[in-house]
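Data block below; observations after.
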Amino acid sequence: MKNLLLLLVPLSSLAQTKDYPIQPVSFTQVHVTDNFWQPKMNINATVTIPYILEMCKQHGRIDNFLAAAGKRENKVCSEFTFDDTDVYKWIEGASYALQVAPNKELEKYLDSLIAIIGAAQEPDGYLYTFRTIKPAKPHEWIGDKRWVKDSILSHELYNAGHLYEAAYAHYNATGKKTLLNIALKNADLLCKDFGWGKLEIYPGHQIVEIGLAKLYRITKQQKYLDLAKFFLDVRGPNGEAYNQANKKVVDQTEAVGHAVRAAYMYSGMADIAALTGDTAYLKAIDAIWQDVVTKKLYITGGIGATNNGEAFGDAFYLPNMSAYAETCAAIANVYWNNRMFLLHGDAKYIDVLERTLYNGLLSGMSLNGTKFFYPNPLASVGQHDRSGWFSCACCISNMTRFLPSVPGYVYAQNKNELYVNLFMSNSSTITLSAGKVQLTQTTNYPWEGQINLQVNVAKPTTFALHIRIPGWAEGNPVPGNLYTEGEQPNAVTIAINGKPVPLKMIKGYAVLQRSWQKGDKIAVELPMQPQHIYANQQVKADEGRFVLQYGPVVYCLEGWDNKDSLVQNIVVEKSAPMKISYANNLLNGINTITMPGSGTKRQLNSTELITSQQQVTAIPYYAWDNRGPGEMEVWIPYTQSASRPQPAPTIAYTSKVTASIRSRSIMAVHDQLEPVDSKDNTVPYFHWWPKKNTTEWVQYDFDGEHTISACKVYWFDDGPWGGCRIPAKWTLYYKTKDGQWLPVKNTTEYEIAKDKYNSVTFEAVATSALKLEVQLPVEYATGIHEWIVDPPTP
Ligand code: FUB
Ligand code: ZN
């Protein structure tokens with residue numbers, strides 16, 4: 001081990017080696033003082049980090065390490081083979097937080113935890129609690145020999161990757177090599193076991209590539225870089241698109257499969273391209289990036305549209321209510337776009353990064369820091385809610401590792417070029433080739449567009465200040481034509497020491513090259529106006545709708561702020577006047593947008609909608625579901641046909657609905673939103689997955705007694721890939737006056753077919769409740785889109 005330590009290269013010498021042409025200014029050099037990010041990072045440090053540690057303790061994550069270390073009963077204490085990563089990600093977040101705010105107690109706890117991790121490591125460096133605890137009969141995702149199932153589900157290399165990321169952070173934060181030594185020992189084992197002519201296995205879930213790149217940066221040991229490259233090159237062409245192994249990485253041009261794996265892999269390719277000068281990787285990730293931003297990116301910056309494989313969907317498939325847009329994928333998207341910027345120096349990558357950061361990533365955590373979203377949908381009828389924990393906790397621990405590093409995305413540098421990428425109040429000292437520059441940024445961004453920068457230099461210093469002019473401020477919300485702005489924004493202005501200067505634009509930056517003097521002041525004014533954003537017409541889900549954006553923040557309508565707690569039924573004309581107001585006491589301080597609009601409502605016995613005028617209020621998307629679940633919508637209808645009218649007061653709609661399982665989606669069965677076909681997951685549906693072969697029920701308790709004689713049901717069936725199918729059988733029961741349930745006497749067969757309403761008629765009964773009993777197929781669950789109850793026709 002001693003020899004190993006001698007090989008560590010001081011971080012300061014890294015600049016001389018081949019790496020990204022542009023280097024980020026480390027988050028430790030950027031002291032954020034603003035009202036937006038600082039409180040969020042503070043909550044992460046003081047609430048979320050202790051909270052997640054506690055959850056890791058409660059949910060067996062630490063016990064797994066203790067068991068592998070022989071310090072407790074020999075039993076696996078949690079569910080997933082990647083649960084060790086929650087501990088590693090927690091260490092990464094805690095270490096980053098330590099760098100910003102030293103905390104002796106936390107550091108001490110980290111020492112003790114790292115000692116346990118060290119004790120859980122096998123003598124040759126193997127570290128994977130799920131096998132070490134029970135080598136003879138491991139979890140079904142794990143092979144009988146090490147690594148052999150990694151391309152499928154064992155996640156041994158994914159665990160290793162997160163270990164390296166944590167070790168890098170801990171070493172940088174504390175200067176201690178305890179975790180780093182564990183990581184290096186593990187990486188040495190990987191170098192021994194994997195490679196051409198050795199085990200030629202690709203990682204099932206990427207991240208080890210970027211972890212190895214970090215170990216290479218610290219140690220300068222070529223073998224780590226070579227192994228990272230091997231793990232990329234060994235991928236494909238005969239594997240699954242699910243984990244991007246369907247083609248050699250250099251031949252890939254489209255984003256496919258599991259979005260987190262994909263974006264970690266693209267980040268790894270960027271790292272290796274930067275560290276080796278490889279151009280084939282660059283060509284591939286440039287093409288894939290183009291594919292994502294022009295066809296597969298949500299307006300919130302979220303990626304991975306479908307829950308089916310947690311994956312990218314087809315081009316322009318961007319459903320809103322069923323959007324997956326996993327929090328981990330948003331984080332991975334930030335990692336990837338930052339690397340693309342460091343390679344190319346183009347602000348368009350930071351446009352995507354900023355969009356993701358303020359919207360689809362930030363939505364992943366509640367304002368109080370203890371509740372989380374895994375998917376980040378763009379519409380809801382109340383079936384979504386943040387949770388304090390998930391058995392698969394990847395997004396939770398990822399959030400905590402990411403947040404402390406936000407200041408690291410503000411600035412970047414290259415010789416005598418200084419890039420200002422993000423806007424938040426801070427002060428930073430940056431060493432350029434020409435000398436030290438102290439930069440102070442003062443702004444109330446993202447609520448206001450005025451950004452003041454002050455340059456402090458010991459002596460006049462010539463360098464180029466690249467100030468990013470966000471795409472949204474120039475009418476291009478996202479590079480390409482997936483989204484367009486409805487209005488041309490007012491001009492961006494920049495003044496130096498009070499004098500307006502012409503904007504010399506290079507790659508999305510206003511470049512101010514001059515000899516800077518102590519105290520020079522730069523005033524940037526970005527046009528803050530509510531912007532309507534429209535989607536490319538190939539995105540069917542957004543037809544007849546617009547998004548409101550103000551600065552970098554995407555807005556949504558939430559039930560809490562709107563009439564009858566409903567938003568799906570709202571229509572706002574494109575020309576409706578908007579009013580922006582800062583609400584200090586709402587959701588930790590936000591800008592709201594209010595505007596006139598209308599609400600639509602269905603009526604009984606007529607297809608005509610009732611429309612009434614109302615005030616409509618929008619809040620930042622990231623802040624939704626902080627007052628409890630309810631309706632939410634990002635894409636606002638401007639046509640009545642795009643809106644989802646408030647249901648008519650039918651027997652079904654006015655009923656209380658319950659089911660054999662508790663689910664927030666149960667209201668879907670009477671919401672009067674009709675699917676296109678049985679597999680349509682863009683409208684709400686209720687399901688019993690993962691149950692199978694059981695008898696289940698849904699029940700309507702009417703608002704009084706009704707006489708009924710017919711029913712129709714539209715089944716949810718997401719075959720052949722999903723887990724739901726039409727039922728084996730269904731039967732209706734009505735409630736008698738004395739509370740018994742009797743089957744209705746059907747006069748037609750109970751239809752059972754996909755993609756249509758299934759009807760049954762029966763002898764009329766006067767009853768106060770109806771139960772729909774469903775026999776699930778032997779191998780599948782069933783779901784219901786809609787259940788309609790009809791009175792006898794007059
Ligand atoms: O496989 C580990 C993590 O679990 C992934 O990153 C998430 O998407 C979830 O599948
Ligand atoms: Zn996740």
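The C-beta contact set for the stretch 756-775 (first residue closer than 21 Å to Pro727 by Cβ, second residue β-branched (Val, Ile, Thr) and part of a strand (DSSP E or B), distance under 6 angstrom, 6+ apart or interchain) comprises Asn758/Val713; Leu772/Val698; Glu773/Thr731; Gln775/Thr695.
Taken together, the residues in the stretch 412-432 that are touching a residue at least 24 places away in the same chain (Cβ under 8 Å), surrounded by fewer than 23 Cβ atoms within 10 Å (Cβ to Cβ) and of a type in the set (Ser, Thr, Tyr) amount to 4. Of all residues being surrounded by fewer than 24 Cβ atoms within 10 Å (Cβ to Cβ) and not in a helix (DSSP H, G or I) in the stretch 326-359, which is nearest to ligand 1 (Cβ to nearest atom)? Just the residue, please. Residue satisfying both the conditions and the ranking: Asp346. Among strands (runs of 3 or more DSSP E) entirely within the stretch 423-483, having at least 2 residues that are within 30 Å of Thr294 (Cβ to Cβ) singles out 461-468.
On the stretch given as the stretch 123-140, residues that are at pLDDT 95 or above and either under 22 Å from Cys56 (Cβ atoms) or not acidic (Asp, Glu) (or both) total 10. Glu487 meets the conditions (1) surrounded by 14 or more Cβ atoms within 10 Å (Cβ to Cβ); (2) modelled with pLDDT under 95 in every case but one. The failed one is (1). In this structure, is Ser397 within 17 Å of Tyr335 (Cα to Cα) and within 15 Å of ligand 2 (Cβ to nearest atom)? Against the criterion (within 17 Å of Tyr335 (Cα to Cα) and within 15 Å of ligand 2 (Cβ to nearest atom)), Ser397 qualifies.
Of the residues that make up the stretch 272-288, is at least one within 16 Å of ligand 2 (Cβ to nearest atom) and either modelled with pLDDT of 95 or more or at positive phi (or both)?
No, the stretch 272-288 has no match at all.
Just checking, which of Ser26, Ser112 is surrounded by fewer than 23 Cβ atoms within 10 Å (Cβ to Cβ), outside the structural domain of Glu448 (by TED's automatic domain parsing), in contact with a Gly (Cβ under 7 Å, 6 or more places away or on another chain) and polar (S, T, N, Q)? Break it down into steps so the answer makes sense when it comes.
Numbers: Ser112 fails: in contact with a Gly (Cβ under 7 Å, 6 or more places away or on another chain).
Within the list Ser26, Ser112, the selection yields Ser26.
Based on what the data block shows, is Val87 aliphatic (A, V, I, L, M), assigned by TED's automatic domain parsing to the domain that holds Gly195 and surrounded by 19 or more Cβ atoms within 10 Å (Cβ to Cβ)? Taking the combined requirement at face value, the residue satisfies it. Of the strands (runs of 3 or more DSSP E) lying entirely inside the stretch 504-546, those containing at least 3 residues that are over 18 Å from Arg468 (Cα atoms) are 530-535. The set of residues from the stretch 234-267 being within 19 Å of the chain's Cα centre (by Cα) and either at pLDDT below 95 or assigned to a helix (DSSP H, G or I) (or both) comprises Tyr242, Asn243, Ala259, Val260, Arg261, Ala262, Ala263, Tyr264, Met265, Tyr266, Ser267. Being touching a Gly at 6+ places or on another chain (Cβ under 6 Å) and either of a type outside the set (A, V, I, L, M) or closer than 24 Å to Ala379 by Cβ (or both), is that true of even one residue in the stretch 700-715? No. Does at least one position in the stretch 339-362 carry a residue that is in contact (Cβ under 8 Å) with a residue 24 or more places away in the chain, of a type in the set (Ser, Thr, Tyr) and within 16 Å of ligand 2 (Cβ to nearest atom)? Scanning the stretch 339-362 turns up at least one residue that is in contact (Cβ under 8 Å) with a residue 24 or more places away in the chain, of a type in the set (Ser, Thr, Tyr) and within 16 Å of ligand 2 (Cβ to nearest atom).
Taking the stated definitions as given, is Gly739 loosely packed, with under 15 Cβ neighbours inside 10 Å and on the phi > 0 side of the Ramachandran plot? The answer is yes for Gly739. Using the structure shown, decide if Ser380 is surrounded by 23 or more Cβ atoms within 10 Å (Cβ to Cβ) and away from ligand 1 (no atom under 16 Å from the Cβ). Here the answer is yes, as Ser380 does meet what is asked. Inspection of the stretch 483-494 identifies no residue that is in contact with a Gly (Cβ under 6 Å, 6 or more places away or on another chain) and more than 30 Å from Asn536 (Cα to Cα). Is it the case, given these coordinates, that Leu418 is away from ligand 2 (no atom under 16 Å from the Cβ), over 30 Å from Val683 (Cβ atoms) and either of a type outside the set (A, V, I, L, M, F, W, C) or out of contact with any strand residue (DSSP E or B) (no Cβ under 6 Å at 6 or more places or on another chain) (or both)? Here the answer is no, as Leu418 does not meet what is asked.
Among (1) of a type outside the set (A, V, I, L, M); (2) farther than 30 Å from Tyr685 by Cα; (3) surrounded by fewer than 19 Cβ atoms within 10 Å (Cβ to Cβ), where does Asn307 come up short? Status for Asn307: all satisfied but (2).
Looking across the stretch 199-219 at every residue that is closer than 13 Å to Lys229 by Cβ and more than 16 Å from ligand 1 (Cβ to nearest atom), the one that is surrounded by the most Cβ atoms within 10 Å (Cβ to Cβ) is identified as Leu212. Leu482 fails exactly one of the following numbered conditions: (1) within 16 Å of ligand 2 (Cβ to nearest atom); (2) within 22 Å of Gln549 (Cα to Cα); (3) in contact with a Lys or Arg (Cβ under 9 Å, 6 or more places away or on another chain). What is the number of that condition? Just one mismatch for Leu482, condition (1). From the set of residues in the stretch 268-304 that are over 30 Å from Tyr622 (Cβ atoms) and touching a residue at least 60 places away in the same chain (Cβ under 8 Å), which is surrounded by the most Cβ atoms within 10 Å (Cβ to Cβ)? Top of the filtered list is Ile272. Identify all residues within the stretch 208-233 that are closer than 17 Å to Ala280 by Cα and within 28 Å of the chain's Cα centre (by Cα); write none if there are none. Hits for the stretch 208-233 are Glu209, Ala228, Lys229, Phe231, Leu232, Asp233. Against the numbered list (1) within 16 Å of ligand 1 (Cβ to nearest atom); (2) under 14 Å from the mean Cα position of the chain (by Cα); (3) over 26 Å from Asn243 (Cα atoms), Arg386 comes up short only at (1).
You will find that of Ser665, Ser660, the residue that is at pLDDT 95 or above and not assigned by TED's automatic domain parsing to the domain that holds Asp542 is Ser660 and no other. Across the stretch 490-509, the qualifying residues are those that are in contact with a Pro (Cβ under 9 Å, 6 or more places away or on another chain) and crowded, with 17+ Cβ neighbours inside 10 Å, and the one among them that is nearest to Met595 (Cα to Cα) is Val492. Identification of strands (runs of 3 or more DSSP E) wholly contained in the stretch 669-765 with 1 or more residues that are touching a Pro at 6+ places or on another chain (Cβ under 6 Å) yields 695-716, 729-735.
Within the stretch 380-404, the set of residues being small (Gly, Ala, Ser), touching a residue at least 40 places away in the same chain (Cβ under 8 Å) and not in a loop (DSSP other than H, G, I, E, B) comprises Ser380, Ser397.
Every listed requirement among (1) within 16 Å of ligand 2 (Cβ to nearest atom); (2) touching a Ser or Thr at 6+ places or on another chain (Cβ under 6 Å); (3) closer than 24 Å to Val478 by Cα is met by Arg386 save one, (3).
The values are calculated or read from the model by the stated rules, or taken from the named source; none is laboratory data. Only a predicted model underlies this, so the values are computations on that prediction, with no experimental measurement involved. Neighbour counts are summed over all protein chains in view; Cβ atoms, including those assigned to glycine, are modelled from backbone coordinates with ideal geometry.
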